[in-house]
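Notes follow the structure.
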Amino acid sequence: MNEMPRSRTSGIDRALQVMDMLVERRAPMSAYDLAKSVGAPISTIYRLVDELVEREMLSRGPDNSVWLGARLMRYGLVYRQKMDAFDRAEEEMQRLVAAAGETVQICTRDGGMMLVVAMEEGPGHFQVASKVGTRVPLNWTASGRLLLGHLGDEERFAAFAASARPSATGIAETDPARLSAQARLDFESRLAVQFNASEYSVACIAAPIRDETGACVATISIVLPDRKAEERQAELADAVREAAAAVERSLGR
């Protein structure tokens, strides 16, 4: 049983060596030349190349040389689109900071946690504990609920049941049924608001960033003092929804 993971990893490593070599040479190569270049048995590379061609990871030319395949092109196009969308999200984050005068964050899901992946602080003296790289349980934040909101009922409930934890303030909801129901409502309204759940006197107003399938892949949120959130909630809700919609358009929605 201990041998299978090593064998599988070795196969993946060989495939990556082949593709890395093609990228390095920037030209089609024969299976024989690939085997010599990566220092692998010729029979292994011939077999691997056949499998990669069959799966469209590589393409075979008239002279039997191989080059990167159509499937890799599709992966690359999707990756590039996501990177463009992240660039757009950062642009919207900066625009929202200027318009709202408050701190703005972009967050994604990391298993049972919410992860801050980008942040721009507002011009005032208000400081929040969460910075880029901060991970907190999904049930502590407005963004966390949105990141699960698109899931089916059973999957959403199970995700909260596995990840919900009491917050330091004791205010964060931990019941998976209530969390699941609220997450769905938040996602459908494209807005989630949280007061004092992860930090005292701190509020968060968040909107989902959905991909072309409708899944919430990230959130954009305004983080500010709770009293200011109460005073400006309607105004900031419209602003954060508008920012999320602008990013979604770059994702093809």
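The values are calculated or read from the model by the stated rules, or taken from the named source; none is laboratory data. Note that the structure is predicted; figures quoted are calculated from it, not measured. With ideal geometry, Cβ positions are generated from the backbone for all residues, glycine too; neighbour counts draw on all protein chains shown.
Restricting the range 117-167 to residues that are of a type outside the set (A, V, I, L, M, F, W, C) and in contact with a Cys (Cβ under 7 Å, 6 or more places away or on another chain), which is surrounded by the fewest Cβ atoms within 10 Å (Cβ to Cβ)? Spell out how you get there, then give the answer.
Initially, the range 117-167 is screened for residues of a type outside the set (A, V, I, L, M, F, W, C), giving 120-125, 127, 130-131, 133-135, 137, 139, 141, 143-145, 149-150, 152-156, 163, 165-167.
Checking which are in contact with a Cys (Cβ under 7 Å, 6 or more places away or on another chain) leaves us with 141, 143, 149-150.
Details: THR141: 28, SER143: 30, GLY149: 24, HIS150: 20.
Looking at residues that are of a type outside the set (A, V, I, L, M, F, W, C) and in contact with a Cys (Cβ under 7 Å, 6 or more places away or on another chain), I get HIS150.
Among residues belonging to the range 53-75 that are touching a strand residue (DSSP E or B) at 6+ places or on another chain (Cβ under 9 Å) and either closer than 30 Å to MET119 by Cα or in contact (Cβ under 8 Å) with a residue 24 or more places away in the chain (or both), point out the one that is surrounded by the fewest Cβ atoms within 10 Å (Cβ to Cβ).
Out of the qualifying residues, it is GLY61.
Assuming ALA215 fulfils every condition listed in (1) surrounded by fewer than 18 Cβ atoms within 10 Å (Cβ to Cβ); (2) under 20 Å from the mean Cα position of the chain (by Cα); (3) more than 19 Å from VAL116 (Cα to Cα) apart from one, which condition is it?
All conditions pass for ALA215, except number (3).
Restricting to the range 77-95, and then to whatever is at pLDDT below 80 and more than 11 Å from LEU251 (Cβ to Cβ), can you tell me which residue is farthest from the chain's Cα centre (by Cα)?
Filtering the range 77-95 for residues that are at pLDDT below 80 and more than 11 Å from LEU251 (Cβ to Cβ), the one farthest from the chain's Cα centre (by Cα) comes out as LEU77.
Can you pull out every residue in the range 218-253 that is surrounded by fewer than 17 Cβ atoms within 10 Å (Cβ to Cβ), charged (D, E, K, R) and within 24 Å of the chain's Cα centre (by Cα)?
Scanning the range 218-253 gives ASP238, GLU242, ARG249, ARG253.
Among residues belonging to the range 25-43 that are exposed (fewer than 15 other Cβ atoms within 10 Å of the Cβ) and under 13 Å from ARG14 (Cα atoms), point out the one that is nearest to the chain's Cα centre (by Cα).
Looking at residues that are exposed (fewer than 15 other Cβ atoms within 10 Å of the Cβ) and under 13 Å from ARG14 (Cα atoms), I get GLY39.
Scan ARG55, ARG135 and give me the residue that is of a type in the set (Lys, Arg) and assigned by TED's automatic domain parsing to the domain that holds ILE222. Quick ask: steps written out before the conclusion?
Values: ARG55 fails: assigned by TED's automatic domain parsing to the domain that holds ILE222.
Being of a type in the set (Lys, Arg) and assigned by TED's automatic domain parsing to the domain that holds ILE222 holds for just one of ARG55, ARG135, which is ARG135.
Show me the strands (runs of 3 or more DSSP E) entirely contained within the range 129-220 in which 1 or more residues are out of contact with any Gly (no Cβ under 7 Å at 6 or more places or on another chain) and aromatic (Phe, Trp, Tyr).
Values: elements: 135-137, 192-195, 202-210.
Strands (runs of 3 or more DSSP E) meeting the threshold: 192-195.
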